[in-house]
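The values are calculated or read from the model by the stated rules, or taken from the named source; none is laboratory data. This one's a predicted model, so the numbers in the text were calculated from it and none came from an experiment. Don't worry about glycine lacking a Cβ; one is built from the backbone with ideal geometry, like all the others, and counts go over all protein chains shown.
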Ligand SMILES: NC(=O)c1ccc[n+]([C@@H]2O[C@H](COP(=O)([O-])OP(=O)(O)OC[C@H]3O[C@@H](n4cnc5c(N)ncnc54)[C@H](OP(=O)(O)O)[C@@H]3O)[C@@H](O)[C@H]2O)c1
């Protein structure tokens, strides 16, 4: 199903899915060599942490998790308190997407045990399963070669009570979610920089659509200028 043809009524077994990304004015989320992927202002970082306070779980792809000192946590006591006031657990769950199970068990995320880390993977990860199970709190196989998010997301809701899922990229995971028609809301921060680079990742990568009719249709919910950045929120429903 394409994002465009998805049913208008929400499946109550699915979590509400938000995608949050910072991109340059030329639509890149990192430089072509991937050395630079953090380029937003402090305000943008605060925005990311505030969004996390609204989500039961934060999800990212294997390459994003492996790209630095990523912990995917709430970001400090102030945000933990905010979560509790909102009736959420003090710490968000953390979800890693990795079809091949290529997640380093020594990665930073596994050194911080404040909340469960869940890995969504596929049959391709067979030889890595023991290591993944040693590192994560749960490993779920959802598909033979590609993760079937229509299986994975209801499972997250049922098993881990995830009602709001915040996906923080990268482009490949976001692309899979859009292709599956599972994104409810897109938060984009447009940062005043140009990276260029035909191979630099963008907010939504992967195969992409080939026809205009298959494009995800968004509605602009809000646009705020703060300093030199634009904070855009689109509804994808
Ligand atoms: N500016 C920002 O806001 C922002 C945010 C996040 C990331 N980034 C940057 O973006 C870059 C990473 O983006 P990316 O698109 O290259 O990688 P990514 O989406 O973070 O991770 C890609 C990996 O996720 C797994 N994956 C994704 N979709 C899958 C599916 N449908 N089925 C099975 N596995 C799937 C695969 O793992 P396996 O290879 O293990 O199968 C794939 O290699 C990094 O440079 C990062 O720092 C920027």
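Here is a yes/no grid of residues against (1) within 13 Å of the ligand (Cβ to nearest atom); (2) over 19 Å from the mean Cα position of the chain (by Cα); (3) without any contact (Cβ under 8 Å) to a residue 24 or more places away in the chain:
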{"residue": "129", "(1), (2), (3)": "yes, yes, no"}
{"residue": "147", "(1), (2), (3)": "yes, no, no"}
{"residue": "151", "(1), (2), (3)": "yes, no, yes"}
{"residue": "179", "(1), (2), (3)": "yes, no, no"}
{"residue": "192", "(1), (2), (3)": "no, yes, no"}
{"residue": "198", "(1), (2), (3)": "no, yes, no"}
{"residue": "212", "(1), (2), (3)": "no, yes, yes"}
{"residue": "221", "(1), (2), (3)": "no, yes, no"}
{"residue": "236", "(1), (2), (3)": "no, no, no"}
Could you check residue 159 against (1) more than 12 Å from the ligand (Cβ to nearest atom); (2) touching a strand residue (DSSP E or B) at 6+ places or on another chain (Cβ under 6 Å); (3) not in a loop (DSSP other than H, G, I, E, B) and say which number it fails? (2)
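Could you identify the single residue in 134, 175 that is free of Cβ contacts under 8 Å to residues at least 60 places away in the same chain, part of a helix (DSSP H, G or I) and within 14 Å of the chain's Cα centre (by Cα)?
Numbers: 134 fails: within 14 Å of the chain's Cα centre (by Cα).
Being free of Cβ contacts under 8 Å to residues at least 60 places away in the same chain, part of a helix (DSSP H, G or I) and within 14 Å of the chain's Cα centre (by Cα) holds for just one of 134, 175, which is 175.
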From the list 196, 169, pick out the single residue that is surrounded by fewer than 23 Cβ atoms within 10 Å (Cβ to Cβ) and in a loop (DSSP other than H, G, I, E, B). 196
Taking only region 105-127 into account, find how many residues are touching a helix residue (DSSP H, G or I) at 6+ places or on another chain (Cβ under 8 Å), within 12 Å of the ligand (Cβ to nearest atom) and in a helix (DSSP H, G or I). 1
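Counting only residues that are more than 8 Å from the ligand (Cβ to nearest atom), give me the helices (runs of 4 or more DSSP H) lying completely in region 1-104 with at least 1 of them.
42-52, 77-85
Results for (1) surrounded by fewer than 18 Cβ atoms within 10 Å (Cβ to Cβ); (2) at pLDDT 95 or above; (3) over 18 Å from the mean Cα position of the chain (by Cα), shown as yes or no for each residue.
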residue	(1), (2), (3)
11	yes, no, yes
14	no, yes, no
19	no, yes, no
25	yes, yes, yes
32	yes, yes, yes
38	yes, no, no
45	yes, yes, no
57	no, yes, no
61	no, yes, no
For residue 207, indicate whether it is part of a loop (DSSP other than H, G, I, E, B), within 22 Å of the chain's Cα centre (by Cα) and without any contact (Cβ under 8 Å) to a residue 40 or more places away in the chain. yes
